[in-house]
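These notes concern the structure reproduced below.
Quick note: the coordinates plus some simple rules give every number you see, no bench work behind them. Not measured: the values here are computed from a predicted model. Every residue, glycine among them, receives a Cβ derived from its backbone with ideal geometry; neighbour counts consider all protein chains shown.
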Amino acid sequence: MLMFLFMVLSLFLFISGLMVFVSNRKHLLVTLLSLEMIVLGLFSLLFLYLNSFNFELFFSMIFLTFSVCEGALGLSILISMIRTHGNDYFQSFSVLQC
């Protein structure tokens, strides 16, 4: 019963993060937070899957390492965007600006 509840919570986390990511948001920070929510849901589902079949959990550690690198890269892009443009709105960001 506890395993089923954890799986439902992981799926809810993944689907709600996906819905926020797909919806039209103005801020880059909201998009990055929704990506982290998707990654957290995927990690918990992967952990449940690997744990239920008694596989090694090294792949989950590799996945967690890549998700940390993805978060650090997103934050560095956010900081550079705020320094150059002054805010994190998508409307003020243009590729054609120097």
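The label point for residue 12 and the one for residue 45, both projected 7 Å from the Cα toward the Cβ, are 1.6 nm apart.
Okay, helix-only estimate at 222 nm for the chain: each DSSP H run of n ≥ 4 adds -39500 (n - 2.57), divide by all residues, round to 500 deg cm²/dmol; what do you get?
Numbers: 3 runs with 74 residues, N = 98.
Theoretical 222 nm ellipticity from helices: -26500 deg cm²/dmol.
Distance distribution P(r), the chain, all Cα-Cα pairs, bin width 5 angstrom from 0: 2, 12, 18, 18, 17, 12, 9, 6, 4, 2, 1, 0 percent.
Helices that extend 24 Å or more along their long axis by alpha-carbon positions and average at least 1.6 on the Kyte-Doolittle scale are, among the DSSP H runs of the chain, 2-22, 28-52.
For the stretch 2-85, the relative contact order is 30 percent, taking Cα pairs closer than 8 Å that sit 6 or more residues apart in sequence and dividing their mean separation by the residue count.
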